[in-house]
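The values are calculated or read from the model by the stated rules, or taken from the named source; none is laboratory data. Predicted model only: the values in this text are computed from it and were never measured. Heads up, the Cβs are rebuilt from the backbone with ideal geometry, glycines too, and the neighbour counts pull from every protein chain shown.
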Amino acid sequence: MNSLLDSFVISSSVVFWTLGGLLLIFELLGTSGYALWSGLAAIFVGVMAWLFPQLSWSILWLLWAIATLIIAYLWWLWLQSRSRRQQNQFELNQPQSELIGLKTVIVEPIIAGRGRVKINDGSWLANCDQDLPAGTLVEVIAVNGLVLHVQQIA
C-alpha cells in the first residue's frame, strides 16, 4: 500500500498543482490571506515533484509545510518594512501638515512667542521662540492644531 501511494504522488505532481490551484481559488473567495501562502507553497512543491520525481510523499508534504512557513514569514517581513516606511507618511485628514516647510511673512509681530503669519489669502496664529517684527520671512517647522510653529529664515 505504501509503495502504491508513493508511486501515485511521485509519478504525478498534479496532486500539488491541484492543491495549489484549489487553495488559490479558495483565497479568491475569502479575504484572510492564509490560503494564498499555502497555495503558492503547493505550486512550488508541485514543481519540485516534477523536477525531482524520486522524492517520497512524506518529503513532499514536509517541503510543503516548510515552504508555507517561509513564504508567510517573508510576506510578514515585507509588510513590516512597508508599514515602517509609510508610518511617517501617514497623514490622513491632516491637510495642515502640508504647511510644514512653507516660507511665509509675518503680518502681526511675534511678541512673547505669539503672532500671525500670512498663508495664501488668510492668516494663521504662529508661535516662535523669539520675538520678530512684521514683514520678517519665516518658515513653518511644525503644526499643532491651528497654530503654526515658525522660525526665522537666516
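Tabulated data for the structure shown
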quantity	calculated
Any hit, region 114-128, residues being surrounded by 12 or more Cβ atoms within 10 Å (Cβ to Cβ), touching an Asp or Glu at 6+ places or on another chain (Cβ under 6 Å) and within 20 Å of residue 97 (Cα to Cα)	yes
Any hit, region 61-75, residues being assigned to a loop (DSSP other than H, G, I, E, B) and either of a type in the set (Val, Ile, Thr) or in contact with a helix residue (DSSP H, G or I) (Cβ under 7 Å, 6 or more places away or on another chain) (or both)	no
Residue that is farthest from residue 72 (Cα to Cα), among those in region 20-59 that are out of contact with any Ser or Thr (no Cβ under 8 Å at 6 or more places or on another chain) and among the aromatic types (Phe, Trp, Tyr)	52
Qualifying residue in region 32-42 (condition: modelled with pLDDT of 75 or more and more than 34 Å from the chain's Cα centre (by Cα))	no
